[in-house]
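Take a look at the structure set out below.
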């Protein structure tokens, strides 16, 4: 690669395993990289029928700036994967010292290949994994004079990106109605992922990204594809909700405002989303209350002071060295709390007059509370910009958490704030990518067991796709992040 060639896109090579699941993941990663201005090479998109795949891969690696190797259990078990990695490593060895940047990227909890253990990895299954990968790519692009420029066709915000320093509406400390105490600040997504970006030398020219996911066989041998099972919902009688005299908004025994989500049916999932958002299906939910705002630093601190909750494991946020415990950020979402800490807090809130025990919402409750009954993409409807949510609009709208309740035009149909962006929110359910295939029609509670819990809503560091109301992500229950928080729900008596 000619080091004098500047103002060109950063070129990355994506290598992956051939299983259906890994292929889908690799395609998502490639699509996001392209959206973020990367010239991503993926076999499914770039190899033509009849081409010598080994020759083309060697050529692609030679012309790349980065190689990211995507690791998974399937990838590590597959015999063919050694060849793809060997090609990448062989080409890397031909470069002068310091000119190759290799990033192992894990798609799930798995071992790394022996040949890659000298390099640290990034966990793409973590909520902040992709952002960690992009940080490494930005560093590499700057070193070699390449650019990362979003494509003109991408949705852009008409609102100028807000600075990293707190904007005016933050310093003004707008206190949400009905809150007598300041709400806690929220941090960014979890940074427990190891982004092992190892530079083989100092003078770097070529960054070869080998994302080893799942597309080789799917593209080269389409006949081997297995049709995805479809879900046919039984024609159960439509349940008519019983009229209830419950208040639209209550303040519970701990002084937290909650909004009523009435009983009835809604459409869950998205035909235009990812596989785990399908099939779209109708769900009936009993009425429930949901916190009007994300749980704040101040509210969570009250539980800590009561001796029930453990304090957040980190008191900073993404850009602020002092966050939790700093009165300036009392009204911001609490972060660095894992699933069990969130559950403990909600249970501490206890029962309240006119409602049941506080708890984490189910995944179905969260989605209905976010989007209502008309199948909208975002809590407010369609289209998104920095006036409606704290997210990544190409450049970060804010670049860290914002005070809860800051986006009046971003409310959900039931008057809930920050259901898109700001911080990811824990829900009660275990995660199962195929759960929608056999989800109960009424009041689904999620799988009986699992390894991951579900996060919803996206964070300030995620783009428009990740903050959709139907988007689902799995997260280890004991993980924490500067971009993960929560809110509570209550059943009606």
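The values are calculated or read from the model by the stated rules, or taken from the named source; none is laboratory data. No experiment lies behind these values; they were computed from the predicted model shown. Counting neighbours? That spans all protein chains shown, and the Cβs are built from the backbone with ideal geometry, glycine included.
Quick notes on this one:
- Entry remark, segment 473-488: residues being surrounded by 24 or more Cβ atoms within 10 Å (Cβ to Cβ) and more than 13 Å from the chain's Cα centre (by Cα) number 3 in total.
- Considering (1) surrounded by 24 or more Cβ atoms within 10 Å (Cβ to Cβ); (2) modelled with pLDDT of 70 or more; (3) within 30 Å of residue 272 (Cβ to Cβ), the lone condition that residue 104 does not fulfil carries the number (3).
- Residue match in segment 324-339 (condition: at positive phi, touching a residue at least 12 places away in the same chain (Cβ under 8 Å) and assigned by TED's automatic domain parsing to the domain that holds residue 261): yes
- Checking residue 454 against (1) outside any loop (DSSP other than H, G, I, E, B); (2) more than 19 Å from residue 108 (Cα to Cα), the condition it does not meet: (2)
- Residue 312 under 23 Å from the mean Cα position of the chain (by Cα) and on the phi < 0 side of the Ramachandran plot: yes
Residues checked against (1) surrounded by fewer than 23 Cβ atoms within 10 Å (Cβ to Cβ); (2) more than 21 Å from residue 258 (Cα to Cα):
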| residue | (1), (2) |
| --- | --- |
| 281 | yes, yes |
| 287 | yes, no |
| 291 | no, no |
| 308 | yes, yes |
| 311 | yes, yes |
| 332 | no, no |
| 336 | no, yes |
| 346 | no, no |
| 350 | yes, no |
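- Of all positions in segment 477-488, at least one carries a residue that is under 16 Å from residue 362 (Cβ atoms), at pLDDT 95 or above and not in a loop (DSSP other than H, G, I, E, B).
- First in segment 457-468 and on the phi > 0 side of the Ramachandran plot, second anywhere and surrounded by fewer than 23 Cβ atoms within 10 Å (Cβ to Cβ), Cβ under 6 Å, 6 or more apart: 458/466
- Matching residues, segment 135-168, being at pLDDT 75 or above and either under 21 Å from residue 386 (Cα atoms) or part of a loop (DSSP other than H, G, I, E, B) (or both): 145, 146, 148
- Filtered by the rule that a residue be in contact with a helix residue (DSSP H, G or I) (Cβ under 8 Å, 6 or more places away or on another chain) and either under 26 Å from residue 144 (Cβ atoms) or modelled with pLDDT under 75 (or both), segment 34-53 gives 36, 38, 40, 41, 42, 43, 44, 45, 46, 47.
- Subset of segment 436-456 [at positive phi and touching a helix residue (DSSP H, G or I) at 6+ places or on another chain (Cβ under 7 Å)]: 446
- Taken over segment 453-472, the criterion of being within 15 Å of residue 427 (Cβ to Cβ) and either out of contact with any strand residue (DSSP E or B) (no Cβ under 7 Å at 6 or more places or on another chain) or surrounded by fewer than 20 Cβ atoms within 10 Å (Cβ to Cβ) (or both) is satisfied by 470, 471.
- Just one of the listed residues (408, 365) is free of Cβ contacts under 8 Å to residues at least 24 places away in the same chain and farther than 26 Å from residue 35 by Cβ, namely 408.
- Residue that is modelled with the lowest pLDDT, among those in segment 56-77 that are assigned to a loop (DSSP other than H, G, I, E, B) and surrounded by 19 or more Cβ atoms within 10 Å (Cβ to Cβ): 72
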